[in-house]
Every structure is written in C-alpha cells, then in structure tokens.
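The values are calculated or read from the model by the stated rules, or taken from the named source; none is laboratory data. Note that this is a predicted model, so its numbers are computed, not measured. We place every Cβ from the backbone using ideal geometry, glycine too, and count neighbours over all the protein chains shown.
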Amino acid sequence: MTRFDPSGPLRGSLRPPSDKSISHRAALIAAMGEGETEIWAYLDAADTRSTLAAVEALGAEVEMGPPPNASDRNWGLAGHIRGVGLRNARPAAIDVGNAGTLLRLLPGWLAGQEDGRWTLDGDESIRRRPVDRIAVPLRRMGANLHAREDRLPPLEIEGTTLHGASYEMPIASAQVKSCLLFAGLLAGGETRVVEPLPSRDHTERMLAAAGAPIERVGGAVVVRPVERLEPGPITVPADISSAAFFIVAALLVEGSEVVLEQVGVNPTRTGLLTILERMGAALEREVDGISGGEQTASLRIRPAPLQATEVGGAEIPLAIDELPLVALAACFAEGTTTIRDAEELRRKESDRIETVTAALRALGGEVEPTEDGMVIEGTGGLRGGTIDSHGDHRIAMLGAVAGLASREGVEVQGMDAAAVSYPGFEADLASLLGS
C-alpha cells in the first residue's frame, strides 16, 4: 500500500517518459524493416521491453541500452534494431506480458507470413483481454487464427497467404486499425480500413516514412502490399498520456506551476487538452520541434476553476487513455460532467468504467457508471480514502494524483502497476513536489 497525502504546490519542469504507443510501433516496424534502424528515446518500461523481447524472439537483432550522455532516466533506451524483413519472422512462442498493444498489433504482421506458427500469451490481465476484434477482420483476409473460447488469449497464429479486404470498424481503435494495416503490407491487393471516427495515426505516419504505399481517402486508410520497409532513424517524443497525470495534478493543486517539455502533440492524441481547456484549464503550449515525425511542445500548466462538460463522439478516440483523468478532474469541477461513447474503456487493462467509478466513489466522489461511460457530479473536491489499482497502471497513477488534491490523502493498493508504462512516476512526482 502506497500513501499519497495532500501536498503543497507542484513546481518545476521535466520531460515525461517517451511515448509508449510510438515506442511499440518503432520496435515492430524496425523488426519488419531491412537493415538497421536507429531508435532514440525508446520508452524503458515493462510493456515496451515486452515488445523488444518479442521482436528478438522473431529473429531481429536488438541492441538497445541507456543513451550516451543522457542523465535523465526519461530519455529511455537508445540503439538499433536489425530487422528480419517483412516475410522472414521465425516461429516462436511470444510472451506479451501486460502489453495489449503488442497483443493486438503483432498478429497482423505474423498472419501474412507464408509459413510458420506463433503463440501469443501473457499475464493474467492479458488473458482477459479480447482478441476477437482483430481475429474477425484478419480472418476475412484469409488469416488462420485460434483463440481460447474464440476470443481470448492465448492466440495461435498459423502463417498463410492473405488477400486485401475492406473493413468497416464498428468502434474506432488505433490498435485494430494498425493490426490490419500491418496485414495489408503482405496481403494481395488493396486493404482499406474505414474508421467511424479518426483514431491516433502513429502507424500511418511511421509506415509512410518507411516507404509503405499508404494514404488516407476520406474516412478510410488504404494500404497496398510492399516488398520491403526501410525505416529511417526514429526519435520517440515524450508521451502525452504520461504527461497527463502531471497536467491534472497541476490543475487541481493550488499554487502549482509545471512545465512539461518535448511532449508529443499529435492532433490525434491531444483530446485531453481540448477537454480540459473547455473546462477552464489554464494551459499554454509552445511548439519546440519535430521528433519522430511528430510535433512536440512545451506545456505550462497552472490551477484554474473548472466547469463541467460533456465528452463524447469524435473526442473519445483522441483521449481514450486519459478519460479516467477527465473523470477525476470532473469531481473538482462545478456541475455535472457526462462521458459517453466510451465503451472502449471496458476493454483496457481493467474495465476502466468500473474501476474508475469504484475508485472515485471510494474517495468520496459522486460517480455513476453507464454502459458506455460515466456521469460525474462535481462536488469541488474529494475526501480521500483507499483504492485498488486492479493491476492497471493508469488507475494506480490516478490514485496518486487524487491523493495530492484530496482533503485526507489516498492509499493506493498495487502502486507497482505504474511500472508498466512509467517506472519513474513516483520519483518524478516527488521532484515536482520538491521532496
């Protein structure tokens, strides 16, 4: 049990850890590529190390370690990956650990190998995460997949020849889209993925930079087969999903002023900023460059009175991982906040509609779950109490932020789950608190 007491202001600046989504994709695309791909600022966390281990098991040569002359642990790992090429992954049993992104992206690449067998399995949490959302469209392309109860890991893949297809996604999901785009690189003909709403587009950007014939046509992403990928050097920007915890902490704790540097501000990832600004947040952005094909910015955050809002529709895919923090901020706002169209939250590391509702209620919040979201009655703050992370890294870190802003403090059971995406979270939080 880890306790987080009400704090004084958060002050100072830091570079949050590198982007988890981009790190996963960097390793996978480098492994698909020809020759060596240099990677800088690769996130050093449990999930992303699972991806390095996976591509190594598939035959890629991985040489990644602490970067030279970088004292900040948030610069992660640097080095290179020598790829096996698009069609030469060797058979293996892959342990994905707790990495849902790896579980859902990797099958797209493996399914189109001409021969070979692979098994993807992971921890107890992964075994509860459905894979039918990728299995159904991959089977339409000719893939040979088998899952427990036809929807749960372990997932067995038998390589075969794929054909292109058009697939209309019922729910916007960057993971499902990316899986199908990977499969389309090896499939005969054109593969078209139609999104109901735009989702994060890191995969499209990175594949295009590596030479893949990929384009957006209206509401669809279209990819055609290619013989080889040749990724250039990749530098991973800081992760806005990790920065989000400090953004909300600085908004809620009186007297705070925090600057977060080199944060990736891809428009498909900044839904949280738009939502918080609508609620009255005082956020300043200063563009500071391009990193890994993605624009980065410094973000300055100060406290501000917050007003309730409605969140739904096209905003959901742009803020899906940050919605638990929107719910937390809503507890401190004036009025009733509604989050809808977010059924995807039920398919994360935990059922985040239920876990967020239970956590905030345990701290004195007035929250009602709905089938696809939550209704939060703003009461101006939270009492405090005890929450269980349920092994979900984002719930653990939410509990820490809630503790700083609460009246009595918060004890988090399972705080070690934060290491999945942010091993240095508590140390970085302490640095901003001057402790």
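Return the residue satisfying two criteria in turn: it lies in region 331-354 and is assigned to a loop (DSSP other than H, G, I, E, B) and of a type in the set (Gly, Ala, Ser), and of such residues it is farthest from LEU197 (Cα to Cα).
The qualifying residue farthest from LEU197 (Cα to Cα) is ALA333.
Look at GLU426 and say whether it is over 18 Å from the mean Cα position of the chain (by Cα), modelled with pLDDT of 95 or more, among the charged types (D, E, K, R) and within 22 Å of ASP44 (Cβ to Cβ).
Criteria met by GLU426.
ALA304: over 22 Å from the mean Cα position of the chain (by Cα) and not hydroxyl-bearing (Ser, Thr, Tyr), yes or no?
yes
Quick check: is even one residue across region 71-87 closer than 22 Å to LEU162 by Cβ, assigned by TED's automatic domain parsing to the domain that holds LEU145 and buried (at least 24 other Cβ atoms within 10 Å of the Cβ)?
The answer is yes; a qualifying residue exists.
Where in region 90-194 are there strands (runs of 3 or more DSSP E), lying wholly inside it, with at least 2 residues that are aliphatic (A, V, I, L, M) and buried (at least 17 other Cβ atoms within 10 Å of the Cβ)?
Strands (runs of 3 or more DSSP E) meeting the threshold: 92-95, 144-148, 152-158.
Please go through region 334-366 and pick out each residue that is surrounded by 21 or more Cβ atoms within 10 Å (Cβ to Cβ), more than 21 Å from the chain's Cα centre (by Cα) and over 15 Å from VAL401 (Cβ atoms).
THR337
Can you name every residue in region 32-57 that is hydrophobic (A, V, I, L, M, F, W, C), surrounded by 24 or more Cβ atoms within 10 Å (Cβ to Cβ) and more than 20 Å from the chain's Cα centre (by Cα)?
Once the filter is applied, which keeps residues that are hydrophobic (A, V, I, L, M, F, W, C), surrounded by 24 or more Cβ atoms within 10 Å (Cβ to Cβ) and more than 20 Å from the chain's Cα centre (by Cα), region 32-57 yields only MET32.
Just to be sure, is ASP150 among the acidic types (Asp, Glu), within 20 Å of the chain's Cα centre (by Cα) and over 30 Å from ALA238 (Cβ atoms)?
no
Can you find a residue that is of a type in the set (D, E, K, R) and part of a strand (DSSP E or B) anywhere in region 289-301?
The answer is yes; a qualifying residue exists.
Pick out the one residue from GLU204, GLU261, GLU277, GLU215 that is within 24 Å of ALA297 (Cβ to Cβ), among the acidic types (Asp, Glu) and either touching an Asp or Glu at 6+ places or on another chain (Cβ under 7 Å) or part of a strand (DSSP E or B) (or both).
Of GLU204, GLU261, GLU277, GLU215, the one residue that is within 24 Å of ALA297 (Cβ to Cβ), among the acidic types (Asp, Glu) and either touching an Asp or Glu at 6+ places or on another chain (Cβ under 7 Å) or part of a strand (DSSP E or B) (or both) is GLU261.
Let me confirm something: among ARG216, ARG205, which residue is without any contact (Cβ under 8 Å) to a residue 60 or more places away in the chain and of a type in the set (Lys, Arg)?
Answer to the selection: ARG216.
Output the residues belonging to region 302-330 that are under 29 Å from ASP372 (Cβ atoms) and either among the aromatic types (Phe, Trp, Tyr) or in a strand (DSSP E or B) (or both). Break it down stepwise before answering.
Quick first cut of region 302-330, residues under 29 Å from ASP372 (Cβ atoms) only: 304-330.
Hits for region 302-330 are GLN307, GLU310, VAL311.
Restricting attention to region 394-422, which residues are crowded, with 18+ Cβ neighbours inside 10 Å, touching a residue at least 60 places away in the same chain (Cβ under 8 Å) and part of a loop (DSSP other than H, G, I, E, B)?
Answer for region 394-422, where residues must be crowded, with 18+ Cβ neighbours inside 10 Å, touching a residue at least 60 places away in the same chain (Cβ under 8 Å) and part of a loop (DSSP other than H, G, I, E, B): SER406, GLY409, SER421, TYR422.
From the list GLY391, GLY380, which one is in contact (Cβ under 8 Å) with a residue 24 or more places away in the chain and more than 22 Å from the chain's Cα centre (by Cα)? Show your work before the answer.
Details: GLY391 fails: more than 22 Å from the chain's Cα centre (by Cα).
Among GLY391, GLY380, only GLY380 is in contact (Cβ under 8 Å) with a residue 24 or more places away in the chain and more than 22 Å from the chain's Cα centre (by Cα).
Regarding region 373-393, can at least one residue be identified that is outside any strand (DSSP E or B), modelled with pLDDT of 95 or more and within 26 Å of THR203 (Cβ to Cβ)?
no
Could you tell me whether any residue of region 226-239 is in contact (Cβ under 8 Å) with a residue 24 or more places away in the chain and within 23 Å of GLY434 (Cα to Cα)?
yes
So, in region 195-209, of the ones that are in contact with a helix residue (DSSP H, G or I) (Cβ under 6 Å, 6 or more places away or on another chain) and closer than 22 Å to LEU86 by Cα, which residue ends up surrounded by the most Cβ atoms within 10 Å (Cβ to Cβ)?
Kept after step one, since they are in contact with a helix residue (DSSP H, G or I) (Cβ under 6 Å, 6 or more places away or on another chain), are these residues of region 195-209: 197, 199-200, 202-203, 206.
Subset that is closer than 22 Å to LEU86 by Cα: 202-203, 206.
On the way: HIS202: 25, THR203: 29, MET206: 25.
Ranking the qualifying residues of region 195-209, first place goes to THR203.
Considering only residues that are out of contact with any strand residue (DSSP E or B) (no Cβ under 9 Å at 6 or more places or on another chain) and in a helix (DSSP H, G or I), which ones fall in region 243-258? Don't jump to the end; show me each part of the working.
Step one: list which residues in region 243-258 are out of contact with any strand residue (DSSP E or B) (no Cβ under 9 Å at 6 or more places or on another chain), which gives 244-245, 252-254.
Result: ALA244, PHE245, LEU252.
How about region 71-114: which of its residues are of a type in the set (D, E, K, R) and more than 26 Å from LYS348 (Cα to Cα)?
If the condition is that a residue be of a type in the set (D, E, K, R) and more than 26 Å from LYS348 (Cα to Cα), then ASP72, ARG73, ARG82, ARG87, ARG90, GLU114 are the ones that fit.
Of everything in region 1-41, what is in a helix (DSSP H, G or I), small (Gly, Ala, Ser) and modelled with pLDDT under 95? Give them in sequence order.
Selection gives SER21 alone.
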